[in-house]
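No value in this document is a laboratory result; all are computed from the given coordinates. It should be emphasised that the depicted structure is a prediction, and the values quoted were computed from it without experimental measurement. Here the Cβ positions follow ideal geometry from the backbone for every residue, glycine too, while neighbour counts run over all protein chains shown.
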Amino acid sequence: MESSTERGDLEAAGRWLEESRRWFEAGLEGFLARTELGPPALSEALEYALLGGGKRVRPALVRLLGGDHADPADLVAAAVAVECIHTYSLVHDDLPCMDDDDLRRGRPTVHRAYSEATAVLVGDALQALAFEACGGASRGAAAMTVALARAGGAAGMVGGQVLDLEGEGQNLDLAGVQEIHRTKTAALLGASAELGALAGGAEGPRVAEARRFGLALGMCFQAMDDVLDVTGDAGTLGKTPGKDLVAHKGTLVAALGLDGAKAEAAQRASEARSHANHLGLGSAGLGLIELLLRRKS
């Protein structure tokens, strides 16, 4: 049974995450207002994709690791960059040639709201916007750009998507599923923490530890995604549940069973706590881990 202290900690973490979301939304709107977004047909769809809500976990990680040591404008630049990459990945993942989904964050996916061609171009533009934002930072721009490119490219998120598609119907073992999770999801969360640390002026070991924290958190996040695909509903998730089962994708639930997938999520959360303690992230960092482990959407 959850104690009153645990409940209070979770509520405090929820308030911090909501505060981070508001901080990011304000920064994102400012970035969009001063950035050339192309013709109306593109700019409207771009804003539809970017301003469609979500937990904004990746920007929160940037803020958490940057702390009070970063230039506020650099933190916003890094947060916008990682969210642009994340949003582009969702727009492309939802396409009929990929995961073929009609619902994202409780709304029609971009290719349903506009067209498939528009969705492809929105993803392309979002990737370019990410590096425009990252390159505008006053400190650590080069290192941040490299970290983001590495996490979002062939050895990270894009490569993970390929592994995910190749794994459909293959009865993947645990190692195979974990490699998909590490590249497709966790790499970008690792980069989010890394970019925050870089924006805050961190170097060497602390940057590496920040990346490891984000990777562990990402593995926990994706493990819970596999669980929620089985246990969740469309109204709560904001997307279509059961898609992984229908597509015969490699998931932790398929490899380990539902209880085993939950145990894997808990183990990754434990790893993230260890890194958070080493980084001195305090209650905000520990609370964020618990929120993601216990989330329902």
In nanometres, the difference between 0.36 nm per residue of separation and the alpha-carbon distance of T35 and S283 is 85.7 nm
Full extension between E44 and D173 adds, at 0.36 nm per residue less the Cα distance, a length in nm of 42.2 nm
Expressed in nanometres to one decimal, the distance between label points 7 Å along Cα→Cβ at E11 and R107 is 3.2
If I289, I85 are placed from fewest to most neighbouring beta carbons inside 10 Å, the sequence is I289, I85
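How big is the equivalent ellipsoid of the chain along its three axes, where each semi-axis is √(5λ) from the Cα gyration tensor, reported in whole Å from largest to smallest? Provide the component values of the computation, followed by the final result.
Values: eigenvalues 136, 127, 65 Å².
Square roots of five times the eigenvalues give 26, 25, 18 Å.
Once you list every other residue whose beta carbon is under 13 Å from the beta carbon of E179, what net charge do they have if Lys and Arg are +1 and Asp and Glu are -1? Show your work: numbers first, answer last.
Working: positive: R182, K184; negative: D164, E166, D173.
Net charge in that neighbourhood comes out at -1.
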Computed ³J(HN,Hα) along segment 35-43: with the Karplus parameters 6.51/-1.76/1.60, θ = phi - 60°, integer Hz and x for glycine or proline, the list is 10, 6, 10, x, x, x, 4, 8, 4
Scalar couplings 3J(HN,Hα) for segment 198-205 by Karplus 6.51 cos²θ - 1.76 cosθ + 1.60 (θ = phi - 60°), nearest whole Hz, x for Gly and Pro, are 5, 4, x, x, 5, 9, x, x
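Full extension from E132 to A208: what is 0.36 nm times the residue separation minus their Cα-Cα distance, to one decimal in nm? Walk me through the numbers before you get to the answer.
Working: separation 76, 0.36 × 76 = 27.36 nm, distance 2.41 nm.
Extra length available between E132 and A208 comes to 24.9 nm.
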With the 8 Å Cα cutoff and a minimum separation of six or more residues, the chain has a relative contact order in percent of 21
Any aspartates and glutamates whose Cα falls less than 12 Å from that of K262, other than same-chain ones fewer than 8 residues away, would be D225, D226
Connecting every pair of Cα atoms under 10 Å apart in the chain and solving the GNM, the largest mean-square fluctuation among V146, V177, V82 falls on V146
